[in-house]
Each structure stands twice: as structure tokens, then as C-alpha cells.
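The values are calculated or read from the model by the stated rules, or taken from the named source; none is laboratory data. Being a predicted model, the structure only gives us computed values, none of them experimental. Glycine also receives a Cβ, built like all others from the backbone with ideal geometry; neighbour counts cover every protein chain displayed. Remember, those area values only see protein heavy atoms, side chains included, never the ligands or the DNA or RNA. Shrake-Rupley method; radii C 1.70, N 1.55, O 1.52, S 1.80 Å.
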Amino acid sequence: MIEIRNLYKRFGDLEVLKGIDLNVSSGEVTVIMGPSGSGKSTLLRCINRLEEITSGAVIVDGYDVMDPATNINFIRTEAGMVFQQFNLFPHMTALGNVTLGPTKVRKMNRAEAEALGRELLDKVGLRDKADVYPDHLSGGQKQRVAIARSLALKPKVMLFDEPTSALDPELVGEVLEVMKQLGREGMTMVVVTHEMGFAREVADRVIFMDEGVIIEENTPAEIFSNPRHERTQGFLSKVI
Amino acid sequence: MGSGFDFKVSVMWESVPLLLTGMKLTILITVMGLLVGFILGTVFGLMKISRSLFMRKLGGFYVESIRGTPLMVQVMFIYFGLPLAIGMRVPPMLAGVAAIGVNSGAYIAEIVRGAFQSIERGQTEAGRSIGLTHLQTLYYVIWPQALKRMIPALGNQFIISLKDTSLLVVVGVGELTRTGQEIIAGNFRAFEVWLTVAIMYFAMTMSIAKVLNILERKLEI
């Protein structure tokens, strides 16, 4: 589903990603962990080309994201993204946020889009918030609307960029619950997070990154109980 | 009073009907000029944040050259200068609307630029990440939010441009100031007539401020 080969990303003089190789197969849930500045978010943002890669290749569902012939807007509907800061559109209701993509990108008619939107809001447990503006939603609710907004494009992959890091602790659970549900339904997911409980429960694989390279990857059980690399050990001991 | 000055309220009342026709023209020129200014301002404001260096330079040139010259000179240039170059008279009304439009456009361009730049980057990213094109993101996501943030500054520009129309007295458009001047030419009552003119300008600007206030409260700006 996602194939990353020898990916390098540089911001000016700063080399953020230094030769990343990663394959994510369909239905797989991959969790990426690592200290801040290790390049995990950048890696995620290279997958839907929110960042232009410096060299290497990123293939999503068979399409090379840097190929000029690839319609990048199409890739972005295939790979939905959820942000740390939610980035809901404040001038639209929850339902409006969810239906914007279907109506403008998928050219769905309004009635169809709203039916889909309500169904998705129901799925994330926010059926009664359809007509509420983001300002009147809690952080957890906002993030669940953001997830529904991405799902509305019927993506094949969901990318999560620290989806619970901006939330008050008591709101983290409701978002993780929705994500777990998605994972169980077989959604292909790449999740940058420090939520070990989530990783343990739904991840097929955990990747540990530091200083722009993948240090270690393994099943969650193996990597948490038996980290091989000392940098992984050091990081995990601080997070737990 | 040794000067023999006698203030007559009746003169003020008598001048009102004629001044009202001038006031109508003032409002018309302001509204039309600002419409032109809003379009110019949006186009040039967006140029100033374009990814193309040429566009940014062009936008910058417009803003700087208009902001850096007096409106009076711009008015005279459009009305007296331009006709010599294009070999055609510019009707005073058109010259007035054009001057107000081109002038306010430069200031509105800065308002537009600032408002667009104030919208968080995450909004663009969120728009692009659901597959919207660059233009769709600007139109559906950024523009409505930017417009809301522009309202206070646009209201301020409205008031400024309305007062600026008084400079059009030099091209002979029969707006409020010109009408006042013409009345005085007949009755020599400068004190009463200018006072009335001032009150009428003040009534208009106060009304705009009031409407703006209500709008801002309604939109929770």
C-alpha cells in the first residue's frame, strides 16, 4: 500500500530524514515512535506530499507521489490525514467539515454527502453534534470530527500525526477508541504517537525512529518488552 | 460681537435639501469606488502572497506607488493628465470612482494580504489533505475566514474613502463638498454651510461605525 525507498528530506542545511525504507501493507497498523525532532512527522507528511521529498521514492497505492503525472489531489484522497492540532474549518459546522471533501472533490450531491457525513459522525460518536461549530466542541470531539472528515473521502490509508498530543488527558481515550475501531475494521493506518497502550492493542508493528533514521522495528510486544537498541531502551524508559 | 457675525440656523436648514443630493452622490461614489477597490485589492493582495516573484513584485509596485503619492495628485492625474494621453475626456464621475477605487485598492490589498497571512498554515494543509486543489482551498477554506478578519479594517477603509471623496471637488463632481461650495458661492454663509456639511459627513461616518459595530458583534469578531 505504501512503499518508501531510500527517502531523504532536507530543510535547507538540516537533514531531517536520512534514508528511510518502509513498506506498509494493506490492512496493517504501523505505529511510529521516537523523540521529538526524530523526523516522524516529516516522514508522515512526505507520504501525502505535504512535504516535498529531497530524494528517494514514495509510492502510495502504486502511484509515485513525486511523479508529475500523478494527480497529488487524488493521492491525498487515498491517504487521509489527521493532524495534532485538528485543523477543523472553524467557519463550518461539524457536518460542513465532513461534507466539504465529498461535495467538492468527489462531486457528490448535497443530500448524498450529508447522509454520508451523518453516518460518519455517528460512527465517531458525534451524531448529535452535526450542526455544532468547532468552537463549541471539546478537543476530543474536534479530533473525532477531523477523523470523520478524512474518512469521508473513503481513503485507503489513514495517516495520524500525533492525534492525541494536543488533548487533555481525559479526552485522549475517546479519540483512541475511534482509532482502535478503525484498526479493527482493517483500515491501513500509519500513526505517529506515544500512546503505548494503543500500540500494544492495535499495532501490527512499531517503528522507532531517531535522528532521521529507523533504529528498530518490531511487533509491539517485542519492542516494548525487549527493545534491542539502547536508544530505543532509553526512549521507552522515559515514556513509560 | 464687533465682527457683526450673526449665526442663522435657518440658513443651515435651507441648505439641507441641496446638500442631500450632494450626499447621495458622495455615497454613490464611495460605494462604487470601494467595489472597484475591493476587486483590485483582492487581486493585488493575492498577488503579493503569490508564489511567483513577478506577481509579488507587480503587487508590491501597485501598492507602493499608490500609497506613496497623494490622492489629490492621483485625482488630478486621472482627470486632467490621462485624457491627454488617451485622447479622450474622462467624465468627472468616472474619474472620481476610478480615483477612489485605485486608491482604496492599494490599502485593501494590504488588508487582504494581512488577513490571508493570518490564517494558520494548518488550514491550508487540512484543505489540501482532503484533496482540494490550491484554488479550492483558497476559496472554500481560507477566503471565508480571511474575509471575517478583514471586516474591521475594511470598515475603517470605508470611512476613510468616504471622507476622501471630498477631494473630488477639484474635478467638479457634485458631491457633498462641491455642493456646499456652490451654495456658499450664492449666499456667502460659509460658517453655517460648512458646519452643515461637516455634520452630514459625521452622520455618515458615525452610521458606518455603528453598523460595523453591530456586524462585528454578530459575527463575534
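Taking GluC sites (Glu not before Pro) as exposed when their DSSP state is a loop state and no more than 15 other Cβ atoms lie within 10 Å, the longest site-free interval of chain B runs over B:1-119. Give the longest segment of chain B that steers clear of trypsin sites (Lys or Arg not before Pro) in DSSP loops with at most 15 neighbouring Cβ atoms within 10 Å, not counting the sites themselves. The longest such stretch corresponds to B:90-221.
Only Cα pairs under 8 Å and 6+ residues apart enter the sum, and on that basis the relative contact order of the range A:16-98 stands at 18 percent. Look at the Cα gyration tensor of the range A:45-84: its axes a ≥ b ≥ c give a/c of at least 1.5 with a/b at or below b/c, and that counts as oblate.
Solvent-accessible area lost on pairing B with A (1.4 Å probe, both sides summed) amounts to about 1600 Å². When chain A is treated as a GNM, springs tying every alpha-carbon pair under 10 Å, which of A:ALA148, A:ALA130, A:ALA203 comes out with the largest mean-square fluctuation? Of A:ALA148, A:ALA130, A:ALA203, the most mobile in the Gaussian network model is A:ALA130. Taking amide hydrogens as placed 1.01 Å from N in the peptide plane, the amide H of A:ILE32 sits under 5 Å from those of A:VAL191, A:VAL192, A:THR193, A:ILE207, each at least 5 positions away in sequence or on another chain. With a 10 Å cut-off around each Cβ of B:117-129, the average count of Cβ atoms from other chains is 6. With 0.36 nm allotted per residue and the present C-alpha distance subtracted, the B:ILE199-B:ILE49 stretch has 49.9 nm of extension available.
Under 18 Å between alpha carbons, and skipping anything fewer than 8 positions from B:LYS210 in its own chain: which lysines qualify? The reachable lysines, counting only those whose Cα sits under 18 Å from B:LYS210, are B:LYS148, B:LYS163, B:LYS218.
Spin-label model, A:ASP204 to B:LYS24: label points 7 Å out along the Cα-to-beta-carbon direction sit 7.6 nm apart. The alpha carbon gyration tensor of the range A:1-53 gives principal lengths a ≥ b ≥ c with a/c of 1.5 or higher and a/b greater than b/c, which makes the shape prolate. In summary, the protein assembly as shown shows an alpha-carbon radius of gyration equal to 1.35 times the 2.2 N^0.38 Å reference for compact globular proteins. Phi angles across the range A:58-69 convert, under the Karplus curve 6.51 cos²θ - 1.76 cosθ + 1.60 with θ = phi - 60°, into 3J(HN,Hα) values of 10, 10, 10, 6, x, 9, 6, 5, 8, 5, x, 6 Hz, Gly and Pro given as x. Placing a label point 7 Å from the Cα of A:MET66 along the Cα-to-Cβ direction, the residues of the range A:200-240 whose backbone N falls under 17 Å of that point are A:213. Could you tell me how far the Cα centroid of the range B:143-173 sits from the Cα centroid of the range B:12-41, in Å? One Cα centre to the other: 12 Å. Distance from the alpha carbon centroid of the range A:1-60 to that of the range A:206-240 works out to 17 angstrom. Computed from the mean reciprocal separation of all distinct C-alpha pairs, what Kirkwood hydrodynamic radius does the range B:5-147 have, in Å? Result for the range B:5-147, one decimal place: 17.9 Å. Applied to the range B:51-60, the Karplus parametrisation 6.51 cos²θ - 1.76 cosθ + 1.60 on θ = phi - 60° returns per-residue 3J(HN,Hα) values of 7, 8, 4, 4, 4, 4, 5, 4, x, x Hz, with x for Gly and Pro. For the peptide B:134-143, the mean number of other protein chain Cβ atoms found within 10 angstrom of a residue's Cβ is 2.
About the centre of its Cα atoms, the range A:156-221 shows a dipole size close to 340 debye [charges on the beta carbon of Lys, Arg (+1) and Asp, Glu (-1) only; nearest 20 debye].
The ellipsoid equivalent to the alpha-carbon distribution of the range B:119-221 has semi-axes of 45, 15, 7 angstrom, derived from the gyration tensor eigenvalues as √(5λ) and listed largest first. For A:VAL213, the amide hydrogen comes within under 5 Å of the amide hydrogens of A:LYS18, counting only partners 5 or more places away or on other chains and with H modelled in the peptide plane. For peptide A:85-92, the mean count of partner chain Cβ atoms within 10 Å of a residue's Cβ comes to 6.
Not counting the cut sites, what is the longest span of chain B without chymotrypsin sites (Phe, Trp or Tyr not before Pro) that DSSP labels loop and that have at most 15 other Cβ atoms within 10 Å? The segment B:8-187 is the longest one with no such site. Hey, which of these cross-link pairs are over 21 Å Cα-Cα: A:LYS40/A:LYS154; A:LYS123/A:LYS154; A:LYS18/A:LYS238; A:LYS107/B:LYS48; A:LYS40/A:LYS238? In this structure, A:LYS40/A:LYS154; A:LYS18/A:LYS238; A:LYS107/B:LYS48 lie more than 21 Å apart at Cα. Dividing the summed helix terms, -39500 (n - 2.57) for each DSSP H run of n ≥ 4, by the number of residues in chain A produces a 222 nm estimate of -11500 deg cm²/dmol to the nearest 500. Anisotropy class assigned to the range A:23-100 is oblate, per the alpha carbon gyration tensor with a/c at or over the 1.5 cut-off and a/b no larger than b/c. Along the charge dipole of the protein assembly as shown, which of B:GLY4, A:GLN181, B:GLY122 sits closest to the positive end, that is, farthest toward it, with unit charges on the beta carbon of Lys, Arg, Asp and Glu (+1, +1, -1, -1)? Of the options given, the answer is B:GLY4.
What would the Debye formula give as log10 I(q)/I(0) at q = 0.10, 0.11, 0.14 Å⁻¹ for the alpha-carbon point model of chain A, no solvent? So the normalised log intensities work out to -0.47, -0.57, -0.91.
Placing pseudo-labels 7 Å out from each Cα toward the beta carbon at A:SER36 and B:ALA153 gives an inter-label distance of 3.1 nm. Each of B:LEU53, B:SER104, B:SER15 was placed along the dipole of the range B:2-128 (beta-carbon charges, centred on the mean Cα), and the one lying farthest toward the positive end is B:LEU53.
Rounded to the nearest 20, the size of the Cβ-charge dipole of the range B:1-113 about its Cα centre is 540 debye, with Lys and Arg at +1 and Asp and Glu at -1.
With the simple model of a label 7 Å out from the Cα in the direction of the Cβ, B:PHE80 to B:ALA190 spans 2.2 nm.
Considering only alpha-carbon pairs that sit under 8 angstrom and 6 or more positions apart, the relative contact order computed for chain B is 31 percent. The simple Förster model, with R0 at 30 Å and r as the Cβ-Cβ distance, assigns A:LYS18 and A:LYS107 a FRET efficiency of 0.15.
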